[in-house]
1. Work out the FRET efficiency for Asn239 and Asp110 from their Cβ-Cβ distance, taking R0 = 41 Å, and round it to the nearest 0.05.
2. Between Asn171 and Ala59, what is the FRET efficiency for a Förster distance of 45 Å, r being their Cβ-Cβ separation, to the nearest 0.05?
3. Would you order Val83, Val232, Val65 from fewest to most other beta-carbon atoms within 10 Å of each residue's own beta-carbon?
4. Just rank Lys136, Lys241, Lys210, fewest to most, by other beta-carbon atoms within 10 angstrom.
5. What's the local net charge at Lys210, with K and R +1, D and E -1, over the other residues with C-beta under 9 Å away?
6. Once you charge only the Cβ atoms, +1 for Lys and Arg and -1 for Asp and Glu, what is the size of the charge dipole of segment 92-191 about its Cα centre, to the nearest 20 debye?
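What follows is calculated from the coordinates using simple rules that are stated; it is not laboratory data. This structure is a prediction, so every number in the text was calculated from the model and none was measured. So basically every Cβ, Gly included, is an ideal-geometry build from the backbone, and we count neighbours across all protein chains shown.
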Amino acid sequence: MKTIPSLSLVILALGFASCSGPVASVLSRSERLRLEFAQTCPGPSTPDSLIRAQRGTLACGAGLVLVSEPRSVYSTDIVEMCVDENGWAQGEFRVWSIDGALLVTGNRRDGLADGLIVGWGPSGFPAYCYLARGGKRDGFMLVWHEADQLASSTQFRDDQLHGEELRWAPNGQLLVEGEYFRGQAVGTWRYWNADGVFLGSYFLQNGTGKRRGWHDNGVLAWEGESEHGLEVGSWLFWNDKGELLGWCDYHDDGSANCEGETRGVSRPSLDETWREMQKQQ
């Protein structure tokens, strides 16, 4: 069973990273990569209470003015930031809900997210963090389940998916392992269920090839072709008993004709997570 260790073990593992003992030999390359970056993000061991008490005390540098205002005309969330004479946010910023819950912390340069951005969950622990440069994702993005288990780890370059992507179940079991290159899925993508049972794999070249999804019992859930990351041709969908539920025919203009019961076939949740993060900044 391939799992990601909880962040409570991160520091211990990092402490032995320079050794050639059991820790170094047991951890896979992917897991070592996660552990190396986990120390950059605050992790669930850092509750927002350490920052919550500092609301209204954001320290602005010379020539900057502390501004506290609604995040948008449609939101009651409050943004605290330091603004220069041209109206650009510079340095640290924080986003708070109207009831005082910390939502986002990070830094801006000339109004754009720059550096480490952390989103805080309702439990007071980090829900996600990512590295930004000039308002674009550039580096790792980590998303957590509740407690201290990672939900996903993804790499970006200049706001494009580029590098390894891993997803885990709440119990720490690795669910998905794959790789992107300049925004396109490449190579072999492997899938497991939450019990560690291998479900299957498929191979993509520059986002092109046959993609599949599986139910937890190993029965094929959907199957279809993609070209450069876009669905093409006919896609079929089955229930966990192998009975055909529906189908979709995709056209060159991106539209589709579907019948029966179908479900989303795009890479789940990550883009939706990112859109939600952008709303909060």
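1. Rounded to the nearest 0.05, the efficiency is 0.20.
2. Computed FRET efficiency for Asn171 and Ala59: 0.60.
3. Fewest-to-most ranking of Val83, Val232, Val65: Val65, Val232, Val83.
4. Fewest to most other Cβ atoms nearby, the residues stand as Lys241, Lys210, Lys136.
5. 0
6. 200
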